[in-house]
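Only the coordinates and a few stated rules stand behind these numbers; no lab work does. Worth saying up front: this structure is predicted, and the values here are computed from it rather than measured. In this analysis, Cβ positions are derived from the backbone assuming ideal geometry, glycine residues included, and neighbour counts consider all displayed protein chains.
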There are 2 protein chains.
Amino acid sequence: MSAPGEASKADLVHRQLKEEIELGELAPGTPLSELWLVERTGASRTPVREALRRLAAEGLVDLAPRQGARVSRVSLRSVRDLFDFRSLLEPAAMREATEAAAADPELRRVFAAMRTEFARTARRVPSQARSRAFYELADRFDWAIIGATGNEHLRRTIAELRPHTARLRNLSHVDPRRVEVSVTEHLRMCDALLAGDADEAAAAVADHLAQSLATIFRNLAVGPGDGVDLLG
Amino acid sequence: MSAPGEASKADLVHRQLKEEIELGELAPGTPLSELWLVERTGASRTPVREALRRLAAEGLVDLAPRQGARVSRVSLRSVRDLFDFRSLLEPAAMREATEAAAADPELRRVFAAMRTEFARTARRVPSQARSRAFYELADRFDWAIIGATGNEHLRRTIAELRPHTARLRNLSHVDPRRVEVSVTEHLRMCDALLAGDADEAAAAVADHLAQSLATIFRNLAVGPGDGVDLLG
DNA sequence: GGTATACAACTTGTATACACTGTTGGCCGT
DNA sequence: ACGGCCAACAGTGTATACAAGTTGTATACC
C-alpha cells in the first residue's frame, strides 16, 4: 500500500509501448530493438524484454527469435479475423451484461446514465471534439460491458482484443458520418440492455460490429491484393 | 536449421513446466520459487522468469507481484467458466473446419481416417490402455480441428484453453463409462463434419462439451461451497 | 563481372550481481 | 500470557556483463 509506484518498470514500459502502438505513434512494422527501447524508456533490458514478450503475447508485436521485434503489421485478413472473432465473443458478453443488469439495479443505473450521455452526444454538432468525446464514452461503455461479464476467460479475451480495435481506429481516419451512425447503434444497445432483452442486445452488438468493419474496410481499402499489409 | 536446440532455454522450461502442470505432477497451489526452478531445471533465473510469465499469461500460474508464483488453483467456478467459454468457441471452430473440409479433399481424407480410428477404438474392450489411446486420438482430432480453423484469434484462443482441459482430465480420474460415450460423441462429430453439415457438427460439439462438463462435475463434486478450491 | 567467403557490427539469449520489498520468527514490553 | 515491534531472511525486481547467433558488407577468387 505504501509502494511508491505500485507498478514495476516492466509494467510501465509495457503500458507506454502499448499506448504508443495503439495510437499509431509506433507504426506497424517499426523495429523495436531492445537497446533502442532501453535508451528511450530509461529502464534496463530486463523489464524491456518482459514488456516486449507481453506485447507479443497480446499480438501487438511480432517477435522473431534471434532477430528482434517489430510492431505487428495489419493486413486485411487480420482485420477480418479480428472482427469475426469479436462478433463471436461480444454478443455473448452483451448477453451476460444484460442479465447482470437485470439483476443489479446499481448496474442498471450506470448504463442508464451512459444512455443519457450517448443521447446528449447525438445532439451535439459534428466536430472533431464530439468524435473524441464519443469514442471516449464508447470506450467506457465497452469497459462497463466487459466488467459486467462474469466469465473470466471471456472477459480477458475481449479485453485483449481492445487495443487492436483501438489501433485500427487510430490508423484510419475517423469518419464523422460513421460517428453519427455509431451513436445510434450504441443507443440501441443501451435500450436493449436496459430492457433486459438479451437477444436484441446481442443482435445490436453484431450489427454494430458489422457496420464498424464495413467502415474500416472502406477507409482502408487501398492495396492491390488481399494479403497486402496496409502500414509498415 | 543447424541450430543445436532450435528452442531457447525459456522455451524448454516453459514446455516442461506446462507439461508437469497439465499432468498434475505439479499440483494446484504448489509454490514455484524462481530459485527452486533454477535448481530443478538447470537454467538461470532469466529464462525461468520468462517461462513463469508466459505460464501466467496462459492462466496456468498465478503470479503475485512481489511474492512469487503458484500453480493456479482450480475452482468449480473456473471449471464452469472454462466450459462455457469452450462452448462458445469450439462450435464456431467446428463450423469453420466443416466448411474447410468440404472444400479440401485432402483434409476430408484426414478426418475420414480419424473416424475409422474412432470406430476401431469403440470396438476395443474397455481398459486403461484403451482410455489412453482414445484420449490420445481425441487430442489429435482436436488439434486437427484447431489446425483447420482459419481465424488466427479463434485458433490461438482455443489452443490456449487446451492445457486447462487436459489438466482437469488428469486431476480427476478417468471414468471408463465416460470414454464409452465420448467415443460415440466423436463419431457423431466426424460424421457431421464429413457430411458437410456445419449445424449438426456444431451441435455435436456443444453436446460433447456439456457431457464432459457434467462428468467432470460428478467426479469432482466434493466441497461444501461453490468457490471451494478442489486441489491445493 | 558474378559469386562465394570471411569478417564486422549488431541483435538477442543467458548468467549473475545488486537493490529492494515482504515475510517470518523471536524478543521485548505490557 | 498476549500483543506489537524489530531484525534477519528469503524472494522477487532490476541492472549489467558475457555468450552466441544473424545479417550485411567488403573482399578475394573464379
Inter-copy distances for B:ARG80, label 7 Å out on the Cα-Cβ vector, sorted ascending, nm, one decimal, are 3.9
Env charge @ B:VAL174, Cβ radius under 11 Å, K,R +1 / D,E -1, value +4
Looking only at B:ALA93, B:ALA64, B:ALA119, which one moves most when chain B is put into a Gaussian network model with springs between Cα atoms under 10 Å? B:ALA64
Residue with peak Gaussian network fluctuation, chain A [Cα springs, cutoff 10 Å], from A:GLU200, A:GLU136, A:GLU90: A:GLU136
What are the principal axis extents of the Cα atoms in segment A:9-71, in Å, biggest first? 27, 24, 19
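B:ALA100: net charge of surrounding residues, Cβ under 11 Å, Lys/Arg +1, Asp/Glu -1, itself excluded?
-2
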So what is the calculated 222 nm ellipticity per residue for the protein assembly as shown, using -39500 (n - 2.57) for each DSSP H run with n of 4 or more, over all residues, to the nearest 500 deg cm²/dmol? -24500 deg cm²/dmol
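Per-residue Cβ counts within 10 Å, from other chains only, averaged over B:147-154: what number is that?
The shielding value for this peptide is 5.
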Lysines near B:LYS9 by alpha-carbon distance under 17 Å, same-chain residues fewer than 8 away left out - which ones? B:LYS18
Residues B:ASP84, B:ASP199, B:ASP175 arranged by fewest to most Cβ contacts within 10 Å: B:ASP199, B:ASP175, B:ASP84
How far is the Cα center of segment B:97-127 from the Cα center of segment B:71-93, in Å? 25
Spacing of the two label points (7 Å from each Cα toward its C-beta) at B:GLU6 and B:ASP175, in nm: 4.0
Build a GNM of chain B with springs between Cα atoms under 10 Å: which of B:SER75, B:SER182, B:SER44 gets the top mean-square fluctuation? B:SER44
Ascending list, in nanometres, of distances separating the A:GLY42 label from those of the other copies (7 Å, Cα toward Cβ): 4.2
Shielding by partners - mean other protein chain Cβ count within 10 Å, residues of A:44-51: 1
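Net charge near B:ARG124, counting Lys/Arg +1 and Asp/Glu -1 over other residues with Cβ under 14 Å of its Cβ?
Within the 14 Å Cβ shell, the charges total +1.
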Quick one: B:SER72, A:SER131, fewest Cβ neighbours within 10 Å first, how do they rank? A:SER131, B:SER72
Using a label point 7 angstrom from Cα along Cα-to-C-beta, what distances in nm, from shortest up, separate A:ARG177 from the other copies? 6.4
Could you pull out every residue, at least 5 positions away or on a different chain, whose amide H is within less than 5 Å of the one on B:LEU32? Hs are placed 1.01 Å off N in the peptide plane, and Pro or chain starts have none. B:ALA69, B:ARG70, B:VAL71
Gap separating the Cα centres of segment A:48-66 and segment B:173-193, nearest whole Å: 39
Within 10 Å of each Cβ in B:76-82, how many Cβ atoms from other chains are there, averaged over the peptide? 2
